[in-house]
């Protein structure tokens, strides 16, 4: 890519979020220039709680991004940061929803502490504010309309749930409690609800131009299907599919231009 700022975002995503990097590299160049700043922002926010053992420092990192979003919403010049500048410029040029983006950062405060989710509603809000908002912002930047939001958020929630399932063993080892109820029947029910969300999105017949925004969740269907078939995979860390199945799933979606 000719834009150094976008290339810096792409390099960051390649190092820290290889699944989204691979999916984005399958997209047209114009879409990559939109997606990489959003994914780099998400990566910076998602890792805020894990790069330090000091909660106050993690809180400050999150506040920085909330300030970036607020400034962009007010039309202020973007901050001098390799991700903040192109991300803020994208907010302004694509009129992205600052309230939703701010909520996506605020939700990450849960990652900082060891407290469990208060209830299922809090858990669902976390998935919606993080993963679903990210995919919705990507789709908006690619031209989605408000009528597409329910379907795209349903897909985004499913993608976020699959990613959380993958992270359960690591989160547990770090003294986190990632699921409100980690018993097999509840895990199976959660996975099935995610699959239902994917079906809803597929039935919505979204414009093809939005597909690159959803390709980053290409693994969700396979992972959630495995969780339905055997929910013990989640806690045992055996949920990931084979490398061949994973790669074929992405190539198939790109080849057929679907999600």
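The values are calculated or read from the model by the stated rules, or taken from the named source; none is laboratory data. None of the values given here were measured: they were computed from a predicted structure. Glycine also receives a Cβ, built like all others from the backbone with ideal geometry; neighbour counts cover every protein chain displayed.
Points worth noting:
- You will find that of 194, 143, the residue that is touching a helix residue (DSSP H, G or I) at 6+ places or on another chain (Cβ under 7 Å) and under 21 Å from residue 241 (Cα atoms) is 194 and no other.
- Checking residue 180 against (1) within 21 Å of residue 251 (Cα to Cα); (2) in contact (Cβ under 8 Å) with a residue 60 or more places away in the chain, the condition it does not meet: (1)
- Taken together, the criteria exclude residue 93 from residues that are over 20 Å from the mean Cα position of the chain (by Cα) and closer than 24 Å to residue 176 by Cα.
- Hits in the range 79-88 (condition: free of Cβ contacts under 8 Å to residues at least 60 places away in the same chain, outside any helix (DSSP H, G or I) and under 23 Å from the mean Cα position of the chain (by Cα)): 81
- Criterion (modelled with pLDDT under 95, out of contact with any strand residue (DSSP E or B) (no Cβ under 7 Å at 6 or more places or on another chain) and either at negative phi or in the same structural domain as residue 140 (by TED's automatic domain parsing) (or both)) met by exactly one of 5, 30, 10, 23: 5
- Among the residues listed as 155, 244, the single one being surrounded by 18 or more Cβ atoms within 10 Å (Cβ to Cβ), in the same structural domain as residue 136 (by TED's automatic domain parsing) and part of a helix (DSSP H, G or I): 155
- Residue in the range 33-49 that is more than 30 Å from residue 114 (Cβ to Cβ), without any contact (Cβ under 8 Å) to a residue 12 or more places away in the chain, assigned to a helix (DSSP H, G or I) and under 17 Å from the mean Cα position of the chain (by Cα) present: no
- Filtered residues of the range 89-118 (kept if assigned to a loop (DSSP other than H, G, I, E, B) and in contact with a helix residue (DSSP H, G or I) (Cβ under 7 Å, 6 or more places away or on another chain)): 96, 107, 108, 113, 117
- As a summary of the residue check, residue 179 satisfies the conditions (1) under 25 Å from residue 56 (Cβ atoms); (2) not in a helix (DSSP H, G or I) except for the one numbered (1).
- Residue list for the range 208-235, restricted to those being under 19 Å from residue 251 (Cα atoms) and assigned to a loop (DSSP other than H, G, I, E, B): 218, 219
- Some residue of the range 143-150 being crowded, with 21+ Cβ neighbours inside 10 Å, at pLDDT 95 or above and within 27 Å of residue 70 (Cα to Cα): yes
- Unmet requirement for residue 143, which otherwise passes all of (1) at positive phi; (2) in a helix (DSSP H, G or I): (2)
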